[in-house]
Each structure stands twice: as C-alpha cells, then as structure tokens.
Amino acid sequence: MLIPHDTRIALDTVVDLMNTAPEGDRDDALGDIEALQSFVHAHKISDVGQLGAADLRAVREVRDRFTAVFSAPDARIAATLINQLVAAAGTTPQLTDHDGYDWHVHYFAPGASVADHLGADCGMALAFIVVAGEQERLRRCEAPDCGRAFVDLSRNRSRRYCDSRTCGNRLHVAAYRARRKEAAG
C-alpha cells in the first residue's frame, strides 16, 4: 500500500493521539495544557497558536472520535464518522511546502484550532485508508494487557501487536516458556 508522506505522518499522529487516552492503569497522557503543548511540539503540528483549556477539551473530544473510527464495525460506519469529523473541522484543502517538506496538502483552514487541525488532516488520512478499502488496517494491539492503537502497514496485513519488540516479544517468550514447562512436565 503506497501512502504519501503527509498521510503517513497524519496516521502516526492519529495513533499517537489515541494512545494518550487513559486505559486500565495508564493515566491520560494529555492530562494538562503542558502535555498538549508537548504533543503538538513532538508531532510538529504547524500553525498552532496559544493553547488553552478549551483546546485540551476539544483535542480529547477529537481523540474520542478517532477511537470510534478505529472501532467502527464496517466501512460505512467509519465513513460516516470520518465525514462528521472533517466537516466539524471546517476542512479547507490547501497545497503547502514548509519546514523542509515538499508539496503536500493541509486540510485545515489557516488559523484553525489544534483540534480542527487534527480533525481535518488526520480525518482525511483515515479517509484515505477507508477509500482504499483498507479499514481492517486500523487495529488495536492483541496483547491482553495492552490495547494500544496502530495502523498495520505490513504487506499482508498480519501485524498483531503495537510493537513487536515489546508486546509481541513478551507474548512469544511467555508461550515459549509455557511450552518448555509443559514438555518438562
């Protein structure tokens, strides 16, 4: 699956944003405005002004909407959710080249809030996946104690874990030890 650079960055941002949500013992990684500022800086989200409490609430709401897209049982429901998300963001496509990146499309209006920026650009990246008939690539980690979001970009859509070095390896080691214990039994 060929994904343009800006779409890939937006997909990574969606996943990272979703994975800030509190889950189980994990606290909300967007617990305050400073955390939101760090997220914006780490993801090089451009054209963002001063952030406040309203921005934090709005970004958490957008995060919940992305989570609903990942959980959608079929493409029609995902499309409806994405359409609502990008419409609410006031999508305004514009070609741009900035910060050392070649020409790409920004879907947010100039001066848009960070939530609208995320809703528009990241929503359109998710739309790209649905249009390509690849919604099944929007996944959650299969490790029983994880559940983090990821986009499976493997050639044969076989990725099962958010990170093979942590969740995947941990489960493979546990299975190996269980087999050895049973064989020694």
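The values are calculated or read from the model by the stated rules, or taken from the named source; none is laboratory data. Since this is a predicted model, take the numbers as computed values, not measurements. All Cβ positions, glycine included, derive from the backbone under ideal geometry; neighbour counts span all protein chains shown. Heavy atoms of the whole protein, side chains included, go into the accessibility calculation; ligands, DNA and RNA do not. Shrake-Rupley method; radii C 1.70, N 1.55, O 1.52, S 1.80 Å.
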* Structure fact -> Reported set for the stretch 65-104 where residues are open to solvent by less than 40 Å² (accessible area, probe 1.4 Å), in contact with a strand residue (DSSP E or B) (Cβ under 9 Å, 6 or more places away or on another chain) and at pLDDT below 95 is THR96, HIS104
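Among the residues of the stretch 46-64, how many are in a helix (DSSP H, G or I) and open to solvent by 70 Å² or more (accessible area, probe 1.4 Å)?
Of the residues in the stretch 46-64, the ones in a helix (DSSP H, G or I) are 53-64.
Now drop any that are not open to solvent by 70 Å² or more (accessible area, probe 1.4 Å), which leaves 57, 61, 64.
Qualifying residue count for the region: 3.
What number of residues within the stretch 171-185 satisfy the criterion of being modelled with pLDDT of 70 or more and either open to solvent by less than 70 Å² (accessible area, probe 1.4 Å) or in a helix (DSSP H, G or I) (or both)? Please lay out each step first, then the result.
Taking the stretch 171-185 as the starting set, the residues that turn out to be modelled with pLDDT of 70 or more are 173, 177-185.
With the extra rule that they be either open to solvent by less than 70 Å² (accessible area, probe 1.4 Å) or in a helix (DSSP H, G or I) (or both), the set shrinks to 173, 177-184.
Residues in the stretch 171-185 being modelled with pLDDT of 70 or more and either open to solvent by less than 70 Å² (accessible area, probe 1.4 Å) or in a helix (DSSP H, G or I) (or both): 9 in total.
Given the residues GLY147, GLY111, which is the only one that is assigned to a loop (DSSP other than H, G, I, E, B), touching a residue at least 40 places away in the same chain (Cβ under 8 Å), under 22 Å from MET18 (Cα atoms) and not hydrophobic (A, V, I, L, M, F, W, C)?
Numbers: GLY111 fails: under 22 Å from MET18 (Cα atoms).
Of GLY147, GLY111, the one residue that is assigned to a loop (DSSP other than H, G, I, E, B), touching a residue at least 40 places away in the same chain (Cβ under 8 Å), under 22 Å from MET18 (Cα atoms) and not hydrophobic (A, V, I, L, M, F, W, C) is GLY147.
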* Asked: Can you tell me which of GLY90, GLY31 is closer than 25 Å to TYR101 by Cα, free of Cβ contacts under 8 Å to residues at least 60 places away in the same chain and outside any helix (DSSP H, G or I)?
  -> GLY90
* Asked: Tell me, which residue of the stretch 13-37 that is modelled with pLDDT of 95 or more and open to solvent by 70 Å² or more (accessible area, probe 1.4 Å) is nearest to TYR107 (Cα to Cα)?
  -> GLN37
